[in-house]
Ligand code: CAO
């Protein structure tokens, strides 16, 4: 047995014209008792109109933009015999007519109210929580849309303007916001961080606009994500590579024309692998829930390579099993491929620790950003001869600046310093790599 239920605008007080701002059902839809089927609004407030039956929508009599009043037929619902209309719904609507406002005022969403309560307590430490909550309150949206946004974890206050009447935020706007957020994979605002305001630079002089390369855009998104997620520390030191440089020059002098030259970077890779074997937490990643450390038994080193399209990081796999000459050949081949845009995605995956060398260009120090989910990155700038005290006199030594950035959740300061001391020791006397 089925019953045809008519859903009408309830008695909500002396309001002659109520705007229909959103219709959430169509003929053929299944509805359940108290599910919001439309949003109505007056100048003072808005309300979600609930279904008074469970069943199938037979016909909808209103559309967005219509004006309705008490008794206007909204829709008919073919209700199942054992799921017919609920007098409770009717009562709950009627109960609201005694409110000072003629329609149900938008309630403060539960979680926002909670957040406000919390933020009042922690205001001194975390003022941004209050800001986020207050934007949520100001947003022009119906309770059902607020609820929908909340379910998806969206702070409705970050949706700048809705596509509904007078900028009202509709369900579709929340969906588009989430789609954009996912496809861009980046936080443009929200999370308590205000976005950088747009500026019309042409008001100050001539400008030219260039589209960022895909590599730059993706790198930028990844770097922003790492910057926001990882508590990073950068530790600076210098390695004495005087003897290493003499050995390297000897090796290169023996090279025939066309053979790949040996750069200091290759010895750094070897020194890093040896130090990672000594300090396994540098060859690890945190599980995504942050509860476990995943220790790796392979030694793949990523090398940041500068290309016309931006920075890419080819990975030299199993660097522990390769000779300096093998690594030299592989690095030359991969950096060439990278510069020609020919590197395959698989050749940039599976890295354990990254080296970012600016030594060929210059610099004295910098703070590289960890290539997460790796836990550390070694930055290198230009080696230079410096007077070093040997206990009796100052001697000219070739000193290589090293900058080690690490994820402080995994590596503590003392461990970082010990790791760096080991790297320095290997570089100062590469015979130690044989031990
Ligand atoms: N100190 C002094 N000289 C150095 C040096 C250092 N730390 N590192 C390299 N050099 C010298 C090399 O010995 C070489 O000199 P010669 O031509 O006289 O032999 C010259 O600089 C050029 O070296 P290179 O850059 O070609 O070779 P590499 O093995 O050191 O580096 C690669 C290879 C691919 C890392 C590099 O070419 C590159 O792309 N560097 C840029 C990396 C980058 O942009 N990182 C980003 C940082 S964060 O955004």
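In table form, for the structure just shown:
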| item | result |
| --- | --- |
| Check on residue 28, farther than 26 Å from residue 174 by Cα and not in a strand (DSSP E or B) | no |
| Hits in the range 360-374 - residues which are within 16 Å of residue 416 (Cβ to Cβ) and either more than 9 Å from the ligand (Cβ to nearest atom) or in contact with a helix residue (DSSP H, G or I) (Cβ under 8 Å, 6 or more places away or on another chain) (or both) | 365, 367, 369, 370, 374 |
| Selection status of residue 370, part of a strand (DSSP E or B) and assigned by TED's automatic domain parsing to the domain that holds residue 283 | no |
| Identity of the residue in the range 375-412, in a loop (DSSP other than H, G, I, E, B) and within 16 Å of the ligand (Cβ to nearest atom), that ends up nearest to the chain's Cα centre (by Cα) | 381 |
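The values are calculated or read from the model by the stated rules, or taken from the named source; none is laboratory data. Here the structure is a predicted model, which means the values were calculated and not measured. Cβ coordinates were reconstructed from backbone atoms using ideal geometry, including for glycine residues, and neighbour counts include every protein chain displayed.
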